[in-house]
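The values are calculated or read from the model by the stated rules, or taken from the named source; none is laboratory data. Computed from a predicted structure; not experimentally measured. Note that we place each Cβ from the backbone using ideal geometry, even for glycine, and neighbour counts take in every protein chain shown. These accessible areas exclude ligands, DNA and RNA; they are computed on the full protein's heavy atoms, side chains included. Shrake-Rupley method; radii C 1.70, N 1.55, O 1.52, S 1.80 Å.
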Amino acid sequence: MELVLAKSQDALVLTSISKRAFESDITVGSPQAGGPPGYQSRKFHQKMAAQKHLYTFYQDRLIVGGAILFKDGAHLHIGRIFIDPEHFRKGLGIQLMELIEDLFPDVTTFSLDTPLWNIRTNNFYQKLGYEMERTDQEFAYYGKKKG
């Protein structure tokens, strides 16, 4: 397993994986097909790569997912993660989150958000030690302190 800064040429593959991953949420309670802003846009993923926020997740030199991460000093906001649905339920999400946390040894706090309706991701983040800090009408907001 490896998580590295994405190259601009990774954007096409990562866009395709992102589209399939987020659109698969319709099978686990999403009120409609879709995803977060830019999830199906190659231009968005290229912009994230150029700004050094897009990461490529490899398993045996095959791109299986990605992450969009925003670091600000000792804080990292996990904007989104996505795994190719072909690789769901194999523990890759857990491994990706572990790689994210290990990639930034100077980060002491992590944050992320996920839709309230998505029971799968809410349970997933809680299983990894993220604590719900607040909610609004659409999202649950989580945080985790390192150590």
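Sequence-distant contacts, meaning Cα pairs under 8 Å at least 6 residues apart, place the relative contact order of segment 1-78 at 35 percent. Calculated from the alpha-carbon coordinates, segment 1-140 shows an Rg and a Dmax of 14.2, 40 Å respectively.
A 1.4 Å probe run over segment 47-145, with the rest of the protein chains in place, finds 55 Å² accessible per residue. Adding -39500 (n - 2.57) for every DSSP H run of four residues or longer, then dividing by how many residues the chain holds, sets the calculated 222 nm ellipticity at -9000 deg cm²/dmol. Expressed as a whole percent, the accessible area of segment 45-143 that falls on carbon and sulfur atoms is 49 (1.4 Å probe). The calculated FRET efficiency for the pair His75 and Lys52, based on their C-beta separation and a Förster distance of 25 Å, comes to about 0.95. Fully extending the segment from Ile94 to Ala33 would add 19.5 nm, taking 0.36 nm per residue of separation and subtracting the current Cα-Cα distance.
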